[in-house]
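Before any comments, here is the structure.
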Amino acid sequence: TPGRTWDKKGHATGGLTTVPAQTLTLATYREGGSTPPTIDAPTSARAGAPLTVRVHGFASGASITVVLHSVPLKLGTVTADASGDGELTATVPANFAAGAHVLQASVGGDVVATRSIRITAPAVSSGNAGGQASGQASGTDASGLASTGTNLTLPVALGLLLIAAGTILTLQRRRRRTSR
């Protein structure tokens, strides 16, 4: 817990727990600061689009590595300014899996701040392909949903026309036979 101190015997001063002596690295705080470092980023981002991540509360000059997890993807490294803040903009690859993920900020290999983020599927490119309405993406219908079938209007109309023509020819042939 940030802010908790440990004595030489490994007892928490505040009396919650006794543990064997060990070294704990909790966070790299801004000098004289008592708040833990944080990551400021949108709650969701689109795959294939830029993502801006801001970090706050780090020691001045700290080299902060920002990684997007589930499959680790290093977005980049930023150096904290005199205020302990930094900003990084990187593009999430278009093939990055959509869903819930975690942004991690680390210093010297130690993760010191995390934030949840949802990655959404990449945007479908829009255009006027194949005579579609302007702004309607290829492979979608007017509501923006994927078109998973084909337009059967013409084949069905031709089929009905052939059935009607066959019926008319059959009736004419029967009339000729009965009139002889």
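The values are calculated or read from the model by the stated rules, or taken from the named source; none is laboratory data. Note that this is a predicted model, so its numbers are computed, not measured. All Cβ positions, glycine included, derive from the backbone under ideal geometry; neighbour counts span all protein chains shown.
Structure values in brief
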{"quantity": "Filtered residue count, the stretch 114-130, keeping only those that are part of a helix (DSSP H, G or I) and either modelled with pLDDT of 95 or more or of a type in the set (A, V, I, L, M) (or both)", "calculated": "1"}
{"quantity": "Test: residue in the stretch 51-73 that is surrounded by fewer than 12 Cβ atoms within 10 Å (Cβ to Cβ), closer than 30 Å to Pro36 by Cα, at pLDDT 90 or above and under 23 Å from the mean Cα position of the chain (by Cα)", "calculated": "yes"}
